[in-house]
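Q: Below you will find the structure I want to go over with you.
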Amino acid sequence: MQEVTQELINESIEKAKDLYNEVVKKAKLNRVVYVSWVSRNFPVNWYGANYIISRMEQEGLCVAPGRKKVIER
């Protein structure tokens with residue numbers, strides 16, 4: 001198991017930033033998005049997937065709690 005360091009977290013977030021638009025596009029088609037779905041469908045770990053979900057919430061693309069429902073814009 002890989003040790004969790006701030007460097008690992010930062011690298012994960014940077015990778016997630018590159019994938020963000022692709023995840024949003026697929027999530028809108030799927031109509032539901034959650035951390036494990038992102039990490040299963042895209043090459044990001046939990047930290048990257050969590051960053052994507054948090055950013056989507058901040059941008060009003062999905063709402064909490066539990067399974068995140070994607071909102072059409």
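The values are calculated or read from the model by the stated rules, or taken from the named source; none is laboratory data. Computed from a prediction, not measured in an experiment: that's the story for all the values here. Using ideal geometry, Cβ is built from the backbone for each residue, glycine included, and neighbour counts are taken over all protein chains shown. Areas reflect the complete protein model, heavy atoms only, side chains present, ligands, DNA and RNA absent. Shrake-Rupley method; radii C 1.70, N 1.55, O 1.52, S 1.80 Å.
Q: Taking amide H positions as placed in the peptide plane 1.01 Å from N, state which residues far from Cys62 in sequence (5 or more) or on other chains have amide H under 5 Å from it.
A: Glu57, Ile71
Q: What FRET efficiency comes out for the pair Met1/Trp46, r = Cβ-Cβ distance, R0 = 22 Å, nearest 0.05?
A: 0.95
Q: Please calculate how many Å² of accessible area the chain carries per residue, with a 1.4 Å probe and no DNA, RNA or ligand atoms counted.
A: Per residue, the chain has an accessible area of 66 Å².
Q: Probe radius 1.4 Å, ligands and nucleic acids ignored: give me the carbon and sulfur share of the accessible area of the chain as a rounded percent.
A: 50
Q: Report the full-extension gain for the segment Ile13 to Ser36: residue separation times 0.36 nm, less the Cα-Cα distance, to one decimal in nm.
A: 6.7 nm
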